[in-house]
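The values are calculated or read from the model by the stated rules, or taken from the named source; none is laboratory data. As the structure is a prediction and not an experimental result, all values here were calculated from the model. In this analysis, Cβ positions are derived from the backbone assuming ideal geometry, glycine residues included, and neighbour counts consider all displayed protein chains. Remember, those area values only see protein heavy atoms, side chains included, never the ligands or the DNA or RNA. Shrake-Rupley method; radii C 1.70, N 1.55, O 1.52, S 1.80 Å.
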Amino acid sequence: MSNYQAPLRDMRFVIHELVESGPICALPGYADCDAGLIDAVLEEAARFAGDVLSPLNPVGDRDGARWLAGTDGKGEVRTAAGFADAYTQFAEGGWMALPCPPDYGGQGLPRLLAVAVSEMWKSANLSFSHVITLTHGAIEALLIAGSDALRATWLPRLVSGEWTGTMNITEPQAGSDLAAIACRAVPQADGSYRISGQKIFITYGDHDMAANIAHLVLARTPDAPAGVKGLSLFLVPKFILDENGNPGAHNDVYCTSIEHKLGVHGSPTTTLVHGDHGGSTGYLIGQLGRGLEIMFVMMNSARLSVGTEGLGVAQRAWQLASEYAKDRVQGTDVSQKSGERVAIVRHPDVRRLLMTQRSHTEAIRALAYTIAALQDIAHQSPDAAARDAAHRRVELLTPVLKGWSTESAVELTSMAIQIFGGMGFVEETGISQYMRDARITPIYEGTTAIQAADLAGRKIARDGGQVLVGLIQEMRADRNRLAGPNNPQLQAIAAHLGESLDHLETATGALLEKMNRQPAAGLLVAEPYLKLLATVVGGWLMGKAARLASQAIEGGSSDPFYRHKLASARFYADHLLPRSAGLVVTVQADNSTLLGLEDEAF
Ligand SMILES: Cc1cc2nc3c(=O)[nH]c(=O)nc-3n(C[C@H](O)[C@H](O)[C@H](O)COP(=O)(O)OP(=O)(O)OC[C@H]3O[C@@H](n4cnc5c(N)ncnc54)[C@H](O)[C@@H]3O)c2cc1C
């Protein structure tokens, strides 16, 4: 199997032309960033992803992380061969610091660049990339709510990658339902807290790649109210810091086992027990009872990150399928009489599968990078109204990306296996790893159902669809610009997009009506609604890409990239946008009898 090659041409197109890096680099705080710097960073990241992370991907899959039992429940994790060394190179290369604030040693580069770099880590080695996502999550939590002392002690060493972070939310009885979290935090005289309880499924909860781990733990104090309002967030170090701020004694938090799972074998999924040997020491982050609020702010970033996982895995699976299709000879070309045996890429159905993968993945990339640029505006713009508008759109689009990208990754990696035929089903070609790895992405960081409920309830019904209406208006205006010029390709795309926008408006009306009348009836169709909105947003962005590609071609560009982009956008309009016609019918349907049916019917 070849090593991963980052799709630099498409990344540069989306960053510079579609999303437009110019205005993003002009935001306060990004003075040192320009197109040249962005391209240089992309190339360097592509090298690291291709040369260092990608060769380790099958190693992680085959050998997995290992658990060493230790004594007295004090287990430890060893990552697969090569992971620790790659992590040292990663940290020394300054990659952890890329999107982090300069005040703590970060490079302060735009999120628009960071999302592309992050896509590369996820394409090259999803299991390895988890430690980056979790560490960035811990950094974000400390930036949002950490005390000055916690920030000063922990942030420089998390930002440099010297230490890593985890997110300790899930417990056996508390998965999607955070109100059920039972882990306890008892205040101590010195201002710290004694943490006890069991957390499960904690990614990189223990490992041998860094000198310390900052566990961010959701727990409740003895007098806290029941439910999510009683949750507070604590930093629980693996090693308690000594008087010089260096890792000292082992805290009472140990890994008692790791999971054996369908995919992401290289990423340790641990059970952590806090406080079985007297109680682990934790430090409050933010105020008591505000744990979930802090988590919610972080969640937008974490969900963008998992959305980018779907993108990265789908991209890599397509890359491998495309290589295989040009190599594997089977059958003859139906449109040639010569009878010569040809590579399977000549077969119409294989072309359909490959172009589905390509156009779908490109649409997801366009959405992920658009959200990252909106985050840049929401954080850096000097204009309060622009910040607010960008923030609202990020809130609306984040569950759309997370749900759509990850569900699509399962579909698209399955298509890659289809292209490999029987060789896709056996392990030796390596393509099956991508489908296995993709399968977790619609589950963690909020399942697709949770994303759909968030979209339908908090992001649409709560404001009567106001933010969405603004987006639909913008999509309509862009569609009308597409339909204008005398260009049959663009007009065909505009025609499909117009119909799909009609479907979206009809479906939005139906969803709002259901949510207002009987929320359960709305939630019954929230997932198909999410897919409908995502499909149309993807079509809108691909339409914009088609317009830019047409302009480049009409302007005399001979770069084949633009012809290929136009073909991909046209295919998306012809083959993927029409899915909206089926989805709108589903969203409108009255299935409320389902709600009253006895459980035995299911
Ligand atoms: C590999 C891996 C890594 C993980 N990493 C971490 C980590 O680092 N930190 C951490 O804290 N957790 C982690 N998790 C846990 C993960 O976030 C949870 O598995 C996820 O939130 C779902 O919870 P659950 O597994 O308990 O499923 P459940 O909540 O039991 O859900 C089961 C099914 O019921 C549905 N469902 C549940 N509630 C609702 C509802 N209200 N409305 C509609 N449908 C609903 C779900 O959509 C799902 O289909 C990880 C899990 C895995 C497998």
### Query
Which whole-percent values make up P(r) of the range 78-234 when all C-alpha to C-alpha distances are grouped in 10 Å steps starting at zero?
10, 36, 33, 18, 2
### Query
Can you give the angle from 0 to 90° between the axis of helix 291-327 and the longest principal axis of the chain, with both taken from C-alpha atoms, to the nearest 10?
50
### Query
Given Cα pairs under 8 Å that are at least 6 residues apart, what percent is the relative contact order of the chain?
13
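Within 10 Å, count the other beta carbons around each residue, average over each peptide in 51-60, 244-253, and list them highest first.
Taking the mean over residues of other Cβ atoms within 10 Å, the ranking is 51-60, 244-253.
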### Task
Using per-residue counts of other Cβ atoms within 10 Å, averaged over each peptide, order 277-288, 508-519 from highest down.
277-288, 508-519
### Query
Which value, in Å² rounded to 10, gives the accessible area of Trp318 with a 1.4 Å probe and all protein chains present?
40
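Would you calculate a helix-derived [θ] at 222 nm for the chain, using -39,500 (n - 2.57) for each DSSP H run of n ≥ 4 and dividing by the full residue count, to the nearest 500?
On the way: 21 runs with 323 residues, N = 602.
Roughly -17500 deg cm²/dmol at 222 nm, from the helical runs in the chain.
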### Task
List every residue whose amide H lies under 5 Å from the amide H of Met167, counting only residues 5 or more places away in sequence or on a different chain, with H placed 1.01 Å from N in the peptide plane.
Thr203, Leu216
### Query
By a straight-distance test (C-alpha under 25 Å), which lysines pair with Lys514 as possible cross-link partners, with residues fewer than eight away in the same chain excluded?
Lys402, Lys459, Lys531
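Take the Cα atoms of the chain, build their convex hull, and give its volume per residue in Å³. Before the final figure, lay out each step's value.
Values: hull volume 103.8 nm³, N = 602.
It comes to 172 Å³ per residue, whole-number rounded.
Carbon-plus-sulfur fraction of the accessible area of the range 439-496, 1.4 Å probe, in percent?
Working: 1410 of 2600 Å².
Roughly 54 percent, rounded to a whole number.
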#### Entry: Segment Gln473-Thr88, length gained on full extension (0.36 nm per residue, minus Cα span)
133.8 nm
### Task
Step through the residues of the range 349-356 one at a time and calculate ³J(HN,Hα) from phi using the Karplus curve (6.51 cos²θ - 1.76 cosθ + 1.60, θ = phi - 60°), rounding each to whole Hz and writing x for Gly and Pro.
6, 5, 4, 4, 4, 5, 6, 4
### Task
For Ser147, list long-range residues whose amide hydrogen, built 1.01 Å from N in the peptide plane, is under 5 Å from its own amide hydrogen.
Gly286
### Estimated translational D of the range 237-332 in µm²/s (Stokes, Kirkwood radius over Cα pairs; 20 °C; 1.002 mPa s)
117
### Query
For helix 560-571, what angle does its Cα long axis make with the longest principal axis of the chain, in degrees from 0 to 90 and rounded to 10?
90
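Computed FRET efficiency, Cβ-Cβ of Ala581 and Glu243, R0 56 Å: what is it to the nearest 0.05? Show your work: numbers first, answer last.
Details: r = 67 Å, r/R0 = 1.20.
So the FRET efficiency works out to roughly 0.25.
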### Task
Return the tail of the calculated pair distribution for the range 295-592, meaning the percent of Cα-Cα pairs more than 31 Å apart.
32
### Task
Once you have the Kirkwood Rh of the range 439-522 from its Cα pairs, apply Stokes-Einstein at 37 °C and 0.692 mPa s and quote D in µm²/s.
224
## Note on the structure
The alpha-carbon center of the range 108-183 and that of the range 185-228 are separated, in whole Å, by 15
### Message
Going by Cα centres, the range 506-547 and the range 311-331 are how many Å apart?
### Response
31
### Query
Given 37 °C and 0.692 mPa s, how large is the Stokes-Einstein diffusion coefficient of the range 526-595 in µm²/s, with Rh as the Kirkwood radius over Cα pairs?
240
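Can you give me the accessible area per residue for the chain, using a 1.4 Å probe, in Å²? Mind showing how you got there, number by number?
Values: 23710 Å² over 602 residues.
That works out to 39 Å² for each residue.
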